[in-house]
Each structure stands twice: as C-alpha cells, then as structure tokens.
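Beneath this line is the structure, given in structure tokens, with notes to follow.
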Amino acid sequence: MIAGLDCVLWPVSSIEFVGRQLRSFGPKGSWALVTGASDGLGKEYSTQLAAAGFNVLLVSRTQSKLDALASTLSTGPKSVQTKTLAMDFTKNSDADYKKLEAMIKDLDLAVLINNVGLSHDIPVPFLSTSDKEIADIVTVNITGTLRITKLVAPLLVKRKRGLILTMASFGGITPTPLLATYSGSKAFLQQWSTALGGELLGTGVTVQLVQSYLVTSAMSKIRRTSLMIPNPRQFVKAALGKIGRSGGAQGIAYSSSPYWSHGLLHWALLQIGTMGGVVLAINRSMHEDIRKRALRKAEREGKKAT
C-alpha cells in the first residue's frame with residue numbers, strides 16, 4: 001500500500017495531515033497514565049508528557065525506579081504531580097487492577113500510553129519455549145493491555161476527549177521465527193487497536209497504534225543509535241508529534257510508523273510482502289544468528305562463574 005492511498009482507509013472525518021497537539025486531549029492539570037513507565041520508551045513517554053504539562057500516573061514493576069522517576073518529574077521545570085503503582089503484569093492480579101481503578105476514578109485522565117511489553121529472553125523455537133515464558137508474554141502484552149484499556153477508556157469516553165496510544169512492534173508486522181509468541185502477541189495488538197479505533201470513532205477519543213522497529217533499550221539489548229535505530233527520546237518525540245496523522249507508510253487506520261526510517265522500512269516491507277517467504281527467511285536467519293551468539297555468551301559466562 002503506497003502512502004498516497006492511506007486516506008482511502010480512513011473515515012473522512014478523521015483525516016489529518018499534521019499531528020494533533022497533545023493539549024487537545026486534555027487541559028492543563030489533566031493526567032496521563034503510562035504503563036511500563038520506569039525504563040526505556042515508557043520512561044521517555046512519561047518525561048515528554050510531563051514536559052507538555054500533564055500530571056503522570058506511573059505504572060511499572062519496580063517501586064524504587066518509579067520513585068526515582070516520580071521525584072525527577074515532580075521537581076522538574078513543569079513541577080507536575082505524579083502518582084505511582086508498582087504492578088507486575090505477569091501476575092495478572094485482580095487486586096492490582098482494583099488498586100489502579102481506585103486511583104484513577106477521580107482523576108481527570110486524558111492520555112493512556114499502553115507501553116508495557118515483554119519479549120523472549122533470547123530467540124527460541126516455539127517448541128522449546130517454556131510454558132511460563134509463553135504465558136508471561138501473552139499475559140503482559142495482550143491481557144495487561146486489554147485490562148488497562150478497559151479501565152481507562154470509559155472515563156475518556158465520558159469526558160468526550162482523550163488519547164489511547166498502544167505500542168506495537170515490527171515483530172507483529174512480519175511473522176518472526178524464534179520469537180513466535182511475541183510476534184503473535186504484537187500482531188494481535190494491531191488488529192485489536194484498529195478495531196477499537198473504529199468503535200470509538202465519534203466519541204472524541206483518539207486511538208493510535210504506534211509501530212516500532214528497533215530502538216535502543218534494555219529489551220532490544222542495543223546501546224548504539226544508528227540511521228535505523230533511534231534512542232527513546234528521538235522515537236517518542238516522533239510518536240507524540242504525529243498523533244492522529246493519516247498518510248503513514250502502512251495505510252492502516254489508527255496506526256502509524258512515526259519514526260522516519262521505520263516508516264520507510266515499513267513501506268519497503270509492504271512492497272516485498274510482509275507475510276511472504278523472503279521476509280520470513282530473512283527473519284529466521286537473523287534470529288538464528290542472534291540465538292547462537294546469546295548461547296555462546298551464556299556458555300562463556302557460565303565457564304567464568306565456575
């Protein structure tokens with residue numbers, strides 16, 4: 001799908017050629033909820049939303065990291081308010097979700113960033129993947145995102161304004177051997193988020209799925225930036241600057257590949273065929289190599305330990 005045809009797939013009332021201003025989703029003093037907030041992209045979303053004047057509710061696993069980030073944001077130039085909730089999404093705890101529900105019921109929530117995510121420790125064939133790793137990936141990437149959104153979306157609809165932004169991955173665009181469970185979970189988010197956008201059309205709530213190729217982070221285990229690999233600050237700036245803009249590389253409603261080189265790569269993949277044998281073979285070869293290197297590293301470290 002070429003970029004010029006994107007508008008065909010968008011409802012006419014939702015076509016925009018520049019990103020919406022963040023403040024259009026909520027007035028000064030309104031709140032943003034960010035999951036997976038303490039590291040990487042989540043930390044950067046929290047930082048940039050605070051810089052835009054939003055109070056921030058930080059949800060992630062480690063309380064000490066949440067406290068450190070909350071302190072930084074609350075004493076920064078904007079002096080925003082912060083709240084924190086330490087929550088391990090792999091546990092799928094009803095008690096945790098009830099705590100969160102109680103925290104948000106009286107907040108003027110305007111923005112939800114569904115950023116929490118989990119991948120495999122290293123690339124692994126599906127038949128060798130542990131039951132726990134499969135369950136954790138599905139629980140975090142799918143169940144956690146659905147449960148958080150189910151809590152927040154009714155509040156946004158009631159106020160007739162707001163943003164639901166969900167982080168996806170190129171692993172969900174192209175089937176990825178040796179990351180099969182992760183790849184499938186991210187593909188689910190694309191289908192679900194676009195469907196949700198169609199359901200919420202006309203409510204005043206904007207739904208945006210953000211596709212990402214590699215970014216320097218703990219999850220990607222990449223430290224150096226390059227033409228194709230931005231750092232979190234660069235990526236989040238692009239993502240928040242292009243909310244609601246049609247004409248992205250993929251021609252899928254309520255979705256974007258906001259970082260410029262990722263958009264070009266997505267367009268190129270579509271020309272080849274994201275589900276075809278060529279891309280599948282490249283993905284398999286790449287992740288087989290990554291797995292071999294990871295296993296060799298683990299073996300070296302094991303020898304040092306003994």
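How many residues does segment 185-201 hold that are open to solvent by 40 Å² or more (accessible area, probe 1.4 Å), out of contact with any helix residue (DSSP H, G or I) (no Cβ under 6 Å at 6 or more places or on another chain) and assigned to a helix (DSSP H, G or I)?
Taking segment 185-201 as the starting set, the residues that turn out to be open to solvent by 40 Å² or more (accessible area, probe 1.4 Å) are 188, 191-192, 195, 198-199, 201.
Narrowing further to those that are out of contact with any helix residue (DSSP H, G or I) (no Cβ under 6 Å at 6 or more places or on another chain): 191-192, 195, 198-199, 201.
This time we only want the ones that are assigned to a helix (DSSP H, G or I), so: 191-192, 195, 198-199.
Matching residues across segment 185-201 total 5.
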In segment 255-291, how many are open to solvent by less than 50 Å² (accessible area, probe 1.4 Å) and not in a strand (DSSP E or B)?
16
Identify the residue in segment 49-92 that is open to solvent by less than 80 Å² (accessible area, probe 1.4 Å), within 24 Å of residue 162 (Cα to Cα) and in a loop (DSSP other than H, G, I, E, B) and, among all such residues, is modelled with the lowest pLDDT.
79
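Given the criteria part of a strand (DSSP E or B), at pLDDT 95 or above and either surrounded by fewer than 18 Cβ atoms within 10 Å (Cβ to Cβ) or of a type in the set (A, V, I, L, M, F, W, C) (or both), does residue 95 qualify? Talk me through it step by step, then tell me what you get.
On the way: part of a strand (DSSP E or B): no; at pLDDT 95 or above: yes; either surrounded by fewer than 18 Cβ atoms within 10 Å (Cβ to Cβ) or of a type in the set (A, V, I, L, M, F, W, C) (or both): yes.
No: the conditions fail for residue 95.
From 206, 143, grab the single residue that is surrounded by fewer than 23 Cβ atoms within 10 Å (Cβ to Cβ), of a type in the set (Ser, Thr, Tyr) and under 17 Å from the mean Cα position of the chain (by Cα).
On the way: 206 fails: surrounded by fewer than 23 Cβ atoms within 10 Å (Cβ to Cβ).
Checking each option against the conditions leaves just 143.
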Looking at (1) surrounded by 14 or more Cβ atoms within 10 Å (Cβ to Cβ); (2) in contact with a Leu (Cβ under 8 Å, 6 or more places away or on another chain), which is the only condition residue 36 fails?
(2)
For residue 252, only one of the following conditions fails: (1) surrounded by fewer than 21 Cβ atoms within 10 Å (Cβ to Cβ); (2) part of a loop (DSSP other than H, G, I, E, B). What is its number?
(1)
Evaluation of residue 150 against (1) in contact (Cβ under 8 Å) with a residue 40 or more places away in the chain; (2) in a helix (DSSP H, G or I); (3) out of contact with any Gly (no Cβ under 6 Å at 6 or more places or on another chain) (one fails), failing number:
(1)
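Working carefully through the options 124, 138, 80, 116, find the one that is of a type in the set (A, V, I, L, M, F, W, C) and farther than 22 Å from residue 187 by Cα.
The unique qualifying residue is 80.
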Return the total of residues in segment 158-204 being under 30 Å from residue 287 (Cα atoms), touching a Lys or Arg at 6+ places or on another chain (Cβ under 7 Å) and hydroxyl-bearing (Ser, Thr, Tyr).
1
When (1) assigned to a helix (DSSP H, G or I); (2) open to solvent by 60 Å² or more (accessible area, probe 1.4 Å); (3) in contact with a helix residue (DSSP H, G or I) (Cβ under 7 Å, 6 or more places away or on another chain); (4) not basic (Lys, Arg) are applied to residue 227, the one that fails is (1)
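The values are calculated or read from the model by the stated rules, or taken from the named source; none is laboratory data. Owing to the predicted nature of the structure, the values given are computational and were not obtained by experimental measurement. Cβ coordinates were reconstructed from backbone atoms using ideal geometry, including for glycine residues, and neighbour counts include every protein chain displayed. These area figures cover heavy atoms from the full protein model, side chains too; ligands, DNA and RNA do not enter into them. Shrake-Rupley method; radii C 1.70, N 1.55, O 1.52, S 1.80 Å.
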